[in-house]
Number of protein chains: 2
Amino acid sequence: MSNQKNHEIRLKSRPVGVPSTDNFEMVETAVPTPQSGQVLVRNSYISVDPYMRGRMVDRKSYVPPFQIGETLQGHAVGQVVASNGNDKFAVGDFVQSMNGWREWYASGGADLQKFEPQVPIQSYLGALGMPGMTAYAGLLRIAALKDDERVFVSAASGAVGSVVCQIAKAKGCYVVGSVGSDEKAQYLKSLGVDRTINYKTCGDLNAAVAEAFSTGIDVYFENVGGAHLEAAINNMRPGGRIALCGMIDMYNATEPPPGPRNLAICIGLGLTLRGFVVSSHYDMLADFHRDMTNWAKAGKMKWRETIVDGVENSPKAFIGLFKGENVGKMVVRVGPDKAV
Amino acid sequence: MSNQKNHEIRLKSRPVGVPSTDNFEMVETAVPTPQSGQVLVRNSYISVDPYMRGRMVDRKSYVPPFQIGETLQGHAVGQVVASNGNDKFAVGDFVQSMNGWREWYASGGADLQKFEPQVPIQSYLGALGMPGMTAYAGLLRIAALKDDERVFVSAASGAVGSVVCQIAKAKGCYVVGSVGSDEKAQYLKSLGVDRTINYKTCGDLNAAVAEAFSTGIDVYFENVGGAHLEAAINNMRPGGRIALCGMIDMYNATEPPPGPRNLAICIGLGLTLRGFVVSSHYDMLADFHRDMTNWAKAGKMKWRETIVDGVENSPKAFIGLFKGENVGKMVVRVGPDKAV
């Protein structure tokens, strides 16, 4: 390791509007030497997620903002490659952490979770990780999905959306997904989704949603905001539930975009809109793992990742999220799958 | 009764924007003669409510639209003054019905509810009627109010709002009400409300709400919409709940007004927005009556009505709702309190 270097990505300036690569800088540092009680971890994959855009704004939120000049954070999976007397982690252990956006790091272990990979390790950043758990908690707890309901999902081919669609299908639901390309629509079809809407080519989104739901929507899983939310509200059934998971449409807005003009519909129909962040729902983790394993075995849960190579390309991968460049989870490969 | 006439109000044309008296016509008819099995009812008070504006629009909703040329409907209280062999109702019985906007009507009884007045009968159109029940269900079930929470109420001196404020105070909550005049603010103070905001004179509503809630809002009871909803969302605490009861700000809008631009806040804070109509919650009626009686006895529940005289003035009373002309419930006196 003596001639190896670590590379990490820092926030150089706060983005205004859509982030550009100029907002980031890559810094080369020495691979850290684990101090007494520490382990050295080499990351294999790091995660880039839309929610990170919010942390680039200097404001109070449910997670503190990233600081300029500091290394960014995010989910990562890697392997312990050296230990200086740590008694909890051994060389070869696979670990998850929030120490993403970098290749190597030293840790005392408190911020690491050991895991035994049953599938390719990058999937623990996607379907089997935070995005999958987000889909699970959002659909089953926040939206309180019942069997055989009628479900609309936006950003439906993404890391969260594609799992939402398949959980709903596994529950016998009629599922319609909104996507931004015909390739993504094809992918959703291959997952068993009943119908897709390409919001870029469908014309009037409200009419397209109305046509796909002649008897209305029971559950809308919101990842996008803006016109999608308005179209969904216009087509909800009495007692319908909307899980507010993300609003990627507005993460880069420099002026607050107009909200849905039709919220008054919620009164007469008794609709519920409920926001959530997955971190409040980790009490469902064991159920999530059990159900995902069973669905995967039964062929009812599939996933894929869009893999970008090289930590130096992680800003580009992150920016690509807002251009719809990913199908499934966007991850960045920053090291070998197996380092030792 | 031979020389007495009935007067009733019909919808003459559908209002565009704020209704005007030209949208209504009063028609003089004979006082009906009860047919075999029918009773004759003389109304004492009729109700005008903001929700009726929605029924003047020709669209599918949770209640069917009013039809042009037909007598309007709404809550009413009155007394049976004659019976032609009806075995369920006797002369002198007090009855509630949806046969408002008129002085007299005949009924077979299926659309009548008998009641024994314990308080002035017009209160059964307000605090002890549909508006009071709306406050009760909205605050305790929809918003799931807990003791000692921090509660914001808009249109707080109105028929619903003034009951919401007092239920919340009875539960030990800190209560702030928004109103449109200093007279209404004074009235709320007399009901024990902790603090009031006059939205017409406070300047920046968001700043005024923030100042009133230095540690944030647990429950917002929404009667207004627009800037009120946006200001409330900006100041909610994590896990906060918003009961969407009414949005009077937009009932007369000819173009859909912009929605709240800050709905994304709901995600990070895990907020719930839930719409409701009281008709879905009448299973709480016995609880409502019991609690209201107990609170009234303990001096914790007071109410008043704004009484307009004469059925011919009911369109004006209705229009006055949108100008903030009422404190407490707006009702129209169309006959004597006791007819027989």
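Among the numbered criteria (1) in a loop (DSSP other than H, G, I, E, B); (2) over 26 Å from A:TYR220 (Cβ atoms), which single criterion is violated by A:ASN326?
(2)
Taking the conditions exactly as written (under 13 Å from the mean Cα position of the chain (by Cα), in contact (Cβ under 8 Å) with a residue 24 or more places away in the chain and buried (at least 20 other Cβ atoms within 10 Å of the Cβ)), does B:PHE322 satisfy them or not?
No: the conditions fail for B:PHE322.
Output the qualifying pairs, or none if there are none: Cβ atoms under 8 angstrom, residues six or more apart or on different chains, first residue in segment A:197-221 and in contact (Cβ under 8 Å) with a residue 40 or more places away in the chain, second residue charged (D, E, K, R) and surrounded by fewer than 14 Cβ atoms within 10 Å (Cβ to Cβ).
A:ASP218/A:LYS146
Could you tell me whether any residue of segment B:41-51 is polar (S, T, N, Q), in contact with a Phe, Trp or Tyr (Cβ under 8 Å, 6 or more places away or on another chain), modelled with pLDDT of 95 or more and more than 17 Å from B:VAL332 (Cβ to Cβ)?
Looking for residues that are polar (S, T, N, Q), in contact with a Phe, Trp or Tyr (Cβ under 8 Å, 6 or more places away or on another chain), modelled with pLDDT of 95 or more and more than 17 Å from B:VAL332 (Cβ to Cβ), one finds none in segment B:41-51, hence no.
Go through the residues of segment B:309-321 one by one and say whether even a single one is out of contact with any strand residue (DSSP E or B) (no Cβ under 7 Å at 6 or more places or on another chain), modelled with pLDDT of 95 or more and under 30 Å from B:ALA231 (Cα atoms).
Looking through segment B:309-321, at least one residue is out of contact with any strand residue (DSSP E or B) (no Cβ under 7 Å at 6 or more places or on another chain), modelled with pLDDT of 95 or more and under 30 Å from B:ALA231 (Cα atoms).
Report, by residue number, each residue of segment B:247-258 that is part of a loop (DSSP other than H, G, I, E, B) and of a type in the set (D, E, K, R).
B:GLU255
Could you check how many residues of segment B:1-32 are at pLDDT below 95 and assigned to a helix (DSSP H, G or I)?
Going through segment B:1-32 one residue at a time, the tally reaches 0.
Only one residue in A:ILE167, A:ILE142, A:ILE197, A:ILE121 is at pLDDT 95 or above, assigned by TED's automatic domain parsing to the domain that holds A:VAL48 and crowded, with 19+ Cβ neighbours inside 10 Å, so which one is that?
A:ILE121
Does segment B:56-106 hold any residues that are without any contact (Cβ under 8 Å) to a residue 40 or more places away in the chain and of a type outside the set (D, E, K, R), and which are they?
B:SER61, B:VAL63, B:PRO64, B:PRO65, B:GLN73, B:GLY74, B:ALA90, B:PHE94, B:GLN96, B:MET98
Is one or more of the residues making up segment B:202-217 outside any helix (DSSP H, G or I), more than 12 Å from chain A (Cβ to nearest Cβ) and under 30 Å from B:VAL57 (Cα atoms)?
Checking segment B:202-217: not a single residue is outside any helix (DSSP H, G or I), more than 12 Å from chain A (Cβ to nearest Cβ) and under 30 Å from B:VAL57 (Cα atoms).
Out of the residues in segment B:218-246 meeting the condition of being more than 10 Å from chain A (Cβ to nearest Cβ) and part of a helix (DSSP H, G or I), tell me which one is surrounded by the most Cβ atoms within 10 Å (Cβ to Cβ).
B:ALA232
With respect to B:VAL332, is the statement that it is in contact with a helix residue (DSSP H, G or I) (Cβ under 7 Å, 6 or more places away or on another chain) and either under 25 Å from B:CYS165 (Cβ atoms) or not in a helix (DSSP H, G or I) (or both) true?
Yes: the conditions hold for B:VAL332.
Collect the residues in segment A:94-113 that are touching a Ser or Thr at 6+ places or on another chain (Cβ under 9 Å) and closer than 17 Å to A:TYR124 by Cα, keeping them in residue-number order.
Selection gives A:PHE94, A:VAL95, A:SER97, A:ASN99, A:GLY100, A:TRP101, A:ASP111, A:LEU112, A:GLN113.
Report the residue count in segment A:247-258 for those that are crowded, with 21+ Cβ neighbours inside 10 Å and either free of Cβ contacts under 8 Å to residues at least 24 places away in the same chain or within 7 Å of chain B (Cβ to nearest Cβ) (or both).
Going through segment A:247-258 one residue at a time, the tally reaches 1.
Among (1) outside any helix (DSSP H, G or I); (2) buried (at least 24 other Cβ atoms within 10 Å of the Cβ); (3) within 12 Å of another protein chain (Cβ to nearest Cβ), which single condition is B:THR134 missing?
Unmet for B:THR134, out of (1) outside any helix (DSSP H, G or I); (2) buried (at least 24 other Cβ atoms within 10 Å of the Cβ); (3) within 12 Å of another protein chain (Cβ to nearest Cβ): (1).
Please find, among B:THR29, B:THR21, the residue that is surrounded by fewer than 19 Cβ atoms within 10 Å (Cβ to Cβ) and closer than 29 Å to B:GLY328 by Cα.
B:THR21
Check whether at least one residue in segment A:92-104 is modelled with pLDDT of 95 or more, of a type in the set (Lys, Arg) and farther than 11 Å from A:VAL39 by Cβ, and report yes or no.
For segment A:92-104, residues modelled with pLDDT of 95 or more, of a type in the set (Lys, Arg) and farther than 11 Å from A:VAL39 by Cβ: present.
Checking the condition within 14 Å of chain B (Cβ to nearest Cβ), over 17 Å from the mean Cα position of the chain (by Cα) and aliphatic (A, V, I, L, M), which residue from A:VAL57, A:VAL95, A:VAL81 passes?
That would be A:VAL57, the only listed residue that is within 14 Å of chain B (Cβ to nearest Cβ), over 17 Å from the mean Cα position of the chain (by Cα) and aliphatic (A, V, I, L, M).
The values are calculated or read from the model by the stated rules, or taken from the named source; none is laboratory data. Quantities reported herein were computed from a predicted structural model and do not represent experimental measurements. Positions of Cβ are backbone-derived with ideal geometry, glycine not excepted, and every protein chain shown enters the neighbour counts.
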